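Participant: Just passing along the structure, written as C-alpha coordinates.
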Amino acid sequence: MNLARPLTTEVLLRPVELSDAAAFCTAQWRSREQLAPWEPRRPPEWYEPDFQTARFEDLLSRENTIPWVLVAGDRLIGTATLSNIVAGALRSGDLGYWIEASNVGRGLASAAVATVCEIADADLLLHRIAASTNAENTASQRVLTKNNFEQYGLARNYLHINNAWRDSTLYHRILNNRAPGEPPS
(Lines give C-alpha, C1' and ligand atoms only; values in the text may rest on other atoms or scores of the structure.)
Protein backbone atom coordinates (compact mmCIF):
# COMPACT_ATOMS: atom_id res chain seq x y z
CA MET A 1 0.00 0.00 0.00
CA ASN A 2 1.48 3.32 -1.09
CA LEU A 3 0.82 5.85 1.68
CA ALA A 4 2.70 8.76 0.03
CA ARG A 5 0.73 11.49 -1.71
CA PRO A 6 1.58 14.92 -3.18
CA LEU A 7 -0.10 17.80 -1.34
CA THR A 8 1.07 20.47 -3.78
CA THR A 9 3.54 20.52 -6.65
CA GLU A 10 6.28 21.19 -4.05
CA VAL A 11 5.09 19.34 -0.92
CA LEU A 12 4.85 15.58 -0.43
CA LEU A 13 3.14 13.70 2.41
CA ARG A 14 5.01 10.43 2.95
CA PRO A 15 5.57 7.93 5.76
CA VAL A 16 8.29 8.95 8.20
CA GLU A 17 11.74 7.38 7.81
CA LEU A 18 14.41 7.04 10.49
CA SER A 19 16.61 9.34 8.42
CA ASP A 20 14.05 12.15 9.01
CA ALA A 21 15.10 12.53 12.65
CA ALA A 22 17.58 15.40 12.20
CA ALA A 23 15.26 17.33 9.87
CA PHE A 24 12.39 16.82 12.33
CA CYS A 25 14.52 18.26 15.15
CA THR A 26 15.43 21.28 13.04
CA ALA A 27 11.78 21.94 12.11
CA GLN A 28 10.63 21.52 15.71
CA TRP A 29 13.37 23.86 16.95
CA ARG A 30 12.43 26.51 14.37
CA SER A 31 8.78 26.18 15.46
CA ARG A 32 9.21 25.85 19.23
CA GLU A 33 7.68 29.26 20.05
CA GLN A 34 4.74 28.72 17.68
CA LEU A 35 4.08 25.24 19.12
CA ALA A 36 4.63 26.05 22.82
CA PRO A 37 1.00 27.04 23.59
CA TRP A 38 -0.34 23.84 21.99
CA GLU A 39 2.09 21.08 22.96
CA PRO A 40 3.53 19.49 26.09
CA ARG A 41 6.73 20.97 27.47
CA ARG A 42 9.56 19.35 25.53
CA PRO A 43 12.71 18.17 27.31
CA PRO A 44 16.04 19.26 25.77
CA GLU A 45 16.60 15.79 24.25
CA TRP A 46 13.43 16.23 22.17
CA TYR A 47 15.55 18.30 19.77
CA GLU A 48 18.29 15.65 19.46
CA PRO A 49 18.32 13.34 16.42
CA ASP A 50 19.16 10.23 18.46
CA PHE A 51 16.10 10.78 20.64
CA GLN A 52 13.85 11.26 17.60
CA THR A 53 15.35 8.25 15.82
CA ALA A 54 14.39 6.09 18.81
CA ARG A 55 10.93 7.71 18.91
CA PHE A 56 10.44 7.11 15.18
CA GLU A 57 11.53 3.47 15.61
CA ASP A 58 8.87 3.09 18.28
CA LEU A 59 6.17 4.74 16.14
CA LEU A 60 7.07 2.62 13.10
CA SER A 61 6.92 -0.58 15.17
CA ARG A 62 3.30 0.02 16.17
CA GLU A 63 0.69 -1.70 14.06
CA ASN A 64 -1.93 0.88 15.04
CA THR A 65 0.01 4.04 14.10
CA ILE A 66 0.99 5.66 10.80
CA PRO A 67 3.35 8.64 11.11
CA TRP A 68 3.82 10.86 8.05
CA VAL A 69 6.08 13.82 7.31
CA LEU A 70 5.44 16.74 4.99
CA VAL A 71 8.54 17.45 2.94
CA ALA A 72 9.37 20.22 0.49
CA GLY A 73 12.47 19.06 -1.36
CA ASP A 74 14.82 17.93 1.39
CA ARG A 75 13.21 20.12 4.07
CA LEU A 76 10.77 18.63 6.59
CA ILE A 77 7.97 21.12 7.20
CA GLY A 78 5.41 19.21 9.25
CA THR A 79 3.93 15.92 10.32
CA ALA A 80 0.62 14.12 10.43
CA THR A 81 -0.04 11.00 12.49
CA LEU A 82 -2.91 8.60 12.54
CA SER A 83 -2.74 6.69 15.82
CA ASN A 84 -4.90 4.37 17.91
CA ILE A 85 -6.17 2.77 14.71
CA VAL A 86 -8.83 0.24 15.61
CA ALA A 87 -10.38 -2.28 13.22
CA GLY A 88 -13.50 -4.35 13.88
CA ALA A 89 -16.80 -2.63 14.51
CA LEU A 90 -15.19 0.74 15.41
CA ARG A 91 -12.87 1.23 12.39
CA SER A 92 -11.45 4.48 13.75
CA GLY A 93 -8.21 6.37 14.32
CA ASP A 94 -6.96 9.54 16.03
CA LEU A 95 -5.38 12.33 14.00
CA GLY A 96 -2.62 14.74 14.99
CA TYR A 97 -0.72 17.24 12.82
CA TRP A 98 1.48 20.35 12.85
CA ILE A 99 3.13 22.61 10.29
CA GLU A 100 6.51 24.29 10.70
CA ALA A 101 6.16 27.99 11.63
CA SER A 102 7.37 29.50 8.34
CA ASN A 103 4.84 27.41 6.37
CA VAL A 104 1.73 28.21 8.41
CA GLY A 105 -1.01 29.89 6.38
CA ARG A 106 -0.29 28.06 3.11
CA GLY A 107 -3.14 25.56 3.48
CA LEU A 108 -0.74 22.68 4.10
CA ALA A 109 -2.36 21.51 7.33
CA SER A 110 -5.76 21.42 5.61
CA ALA A 111 -4.28 19.56 2.63
CA ALA A 112 -2.53 17.06 4.91
CA VAL A 113 -5.71 16.41 6.92
CA ALA A 114 -7.73 15.96 3.71
CA THR A 115 -5.16 13.53 2.34
CA VAL A 116 -4.95 11.49 5.55
CA CYS A 117 -8.76 11.27 5.51
CA GLU A 118 -8.66 10.00 1.90
CA ILE A 119 -6.04 7.37 2.80
CA ALA A 120 -7.98 6.36 5.92
CA ASP A 121 -11.15 5.89 3.89
CA ALA A 122 -9.87 4.31 0.66
CA ASP A 123 -6.77 2.41 1.81
CA LEU A 124 -7.27 1.70 5.52
CA LEU A 125 -11.04 1.24 5.23
CA LEU A 126 -11.72 3.27 8.35
CA HIS A 127 -15.17 4.65 9.17
CA ARG A 128 -14.23 7.55 11.47
CA ILE A 129 -11.32 9.80 12.41
CA ALA A 130 -11.18 11.70 15.70
CA ALA A 131 -9.05 14.72 16.58
CA SER A 132 -8.76 17.09 19.51
CA THR A 133 -7.43 20.62 19.76
CA ASN A 134 -6.67 22.91 22.63
CA ALA A 135 -9.91 24.78 23.29
CA GLU A 136 -8.14 28.05 22.41
CA ASN A 137 -6.47 26.81 19.20
CA THR A 138 -8.87 28.32 16.69
CA ALA A 139 -6.44 27.87 13.76
CA SER A 140 -6.38 24.10 14.24
CA GLN A 141 -10.14 24.05 14.71
CA ARG A 142 -10.51 25.83 11.33
CA VAL A 143 -8.38 23.13 9.70
CA LEU A 144 -10.68 20.45 11.05
CA THR A 145 -13.96 22.18 10.19
CA LYS A 146 -12.68 22.89 6.64
CA ASN A 147 -12.23 19.13 6.37
CA ASN A 148 -15.79 18.32 7.49
CA PHE A 149 -14.93 17.41 11.08
CA GLU A 150 -17.66 18.25 13.55
CA GLN A 151 -17.20 19.16 17.18
CA TYR A 152 -18.87 16.63 19.43
CA GLY A 153 -17.59 17.55 22.85
CA LEU A 154 -15.34 19.41 25.23
CA ALA A 155 -12.94 17.52 27.48
CA ARG A 156 -12.04 19.43 30.64
CA ASN A 157 -8.40 19.25 31.76
CA TYR A 158 -7.75 16.80 28.91
CA LEU A 159 -4.03 17.25 28.20
CA HIS A 160 -1.06 18.66 30.08
CA ILE A 161 0.03 21.37 27.65
CA ASN A 162 2.53 24.16 28.19
CA ASN A 163 2.85 23.29 31.90
CA ALA A 164 -0.86 23.14 32.80
CA TRP A 165 -3.91 20.95 32.32
CA ARG A 166 -5.89 22.33 29.37
CA ASP A 167 -9.37 21.80 27.98
CA SER A 168 -9.66 20.27 24.51
CA THR A 169 -12.40 20.41 21.93
CA LEU A 170 -13.20 16.98 20.52
CA TYR A 171 -13.89 16.53 16.82
CA HIS A 172 -14.64 13.65 14.53
CA ARG A 173 -15.36 13.00 10.89
CA ILE A 174 -17.43 10.13 9.58
CA LEU A 175 -15.66 9.02 6.41
CA ASN A 176 -18.31 6.66 5.03
CA ASN A 177 -21.23 4.47 5.99
CA ARG A 178 -19.96 1.21 4.51
CA ALA A 179 -20.01 -2.01 6.51
CA PRO A 180 -16.80 -2.47 8.57
CA GLY A 181 -13.86 -3.27 6.30
CA GLU A 182 -15.88 -3.01 3.08
CA PRO A 183 -13.90 -1.26 0.32
CA PRO A 184 -15.25 1.77 -1.50
CA SER A 185 -17.32 0.93 -4.56
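The values are calculated or read from the model by the stated rules, or taken from the named source; none is laboratory data. All values reported here derive from a predicted model rather than from experimental measurement. Here the Cβ is made from the backbone with ideal geometry for all residues, glycine too, and neighbour counts use every protein chain on show. SASA here: full protein model, heavy atoms, side chains in, ligands and nucleic acids out. Shrake-Rupley method; radii C 1.70, N 1.55, O 1.52, S 1.80 Å.
Participant: Yes or no: region 171-178 includes at least one residue that is of a type in the set (A, V, I, L, M) and within 21 Å of VAL16 (Cβ to Cβ).
Facilitator: Checking region 171-178: not a single residue is of a type in the set (A, V, I, L, M) and within 21 Å of VAL16 (Cβ to Cβ).
Participant: Quick check on my filter: what residues within region 33-63 are touching a residue at least 40 places away in the same chain (Cβ under 8 Å), open to solvent by 50 Å² or more (accessible area, probe 1.4 Å) and of a type in the set (D, E, K, R)?
Facilitator: GLU33, ARG41
Participant: Turning to a different aspect of this structure: Restrict the check to region 81-101 and report whether at least one residue is touching a His at 6+ places or on another chain (Cβ under 9 Å), closer than 20 Å to ASN2 by Cβ and either part of a strand (DSSP E or B) or at pLDDT 95 or above (or both).
Facilitator: Scanning region 81-101, I find no residue that is touching a His at 6+ places or on another chain (Cβ under 9 Å), closer than 20 Å to ASN2 by Cβ and either part of a strand (DSSP E or B) or at pLDDT 95 or above (or both), so the answer is no.
Participant: Still on this structure: For region 112-165, give me each residue that is assigned to a helix (DSSP H, G or I), closer than 24 Å to ARG178 by Cα and open to solvent by less than 50 Å² (accessible area, probe 1.4 Å).
Facilitator: Of everything in region 112-165, those that are assigned to a helix (DSSP H, G or I), closer than 24 Å to ARG178 by Cα and open to solvent by less than 50 Å² (accessible area, probe 1.4 Å) turn out to be ALA112, VAL113, ALA114, THR115, VAL116, CYS117, ILE119, ALA120, ASP121, LEU144.
Participant: Being surrounded by 21 or more Cβ atoms within 10 Å (Cβ to Cβ) and part of a strand (DSSP E or B) is the filter here; which residues of region 12-28 pass it?
Facilitator: Result: LEU13, single match.
Participant: Given the condition outside any loop (DSSP other than H, G, I, E, B) and either touching a helix residue (DSSP H, G or I) at 6+ places or on another chain (Cβ under 9 Å) or in contact (Cβ under 8 Å) with a residue 12 or more places away in the chain (or both), answer yes or no: does some residue in region 174-184 qualify?
Facilitator: yes
Participant: Let me ask something else about it. Of the residues that make up region 126-144, is at least one more than 25 Å from ILE77 (Cα to Cα), touching a Lys or Arg at 6+ places or on another chain (Cβ under 9 Å) and aliphatic (A, V, I, L, M)?
Facilitator: yes
Participant: Right, next: Select from region 100-111 the residues that are closer than 23 Å to ARG128 by Cα and in contact with a helix residue (DSSP H, G or I) (Cβ under 7 Å, 6 or more places away or on another chain) and write down the one among them that is surrounded by the most Cβ atoms within 10 Å (Cβ to Cβ).
Facilitator: Per the criteria, the residue is ALA109.
Participant: Let me ask you something else. Restricting to region 65-91, name every residue that is touching a residue at least 24 places away in the same chain (Cβ under 8 Å), open to solvent by less than 60 Å² (accessible area, probe 1.4 Å) and of a type outside the set (A, V, I, L, M, F, W, C).
Facilitator: PRO67, GLY78, THR79, GLY88, ARG91
Participant: So LYS146 passes all but one of these: (1) under 21 Å from LEU124 (Cα atoms); (2) in contact with a helix residue (DSSP H, G or I) (Cβ under 7 Å, 6 or more places away or on another chain). Which condition number does it fail?
Facilitator: Of the numbered conditions (1) under 21 Å from LEU124 (Cα atoms); (2) in contact with a helix residue (DSSP H, G or I) (Cβ under 7 Å, 6 or more places away or on another chain), the odd one out for LYS146 is (1).
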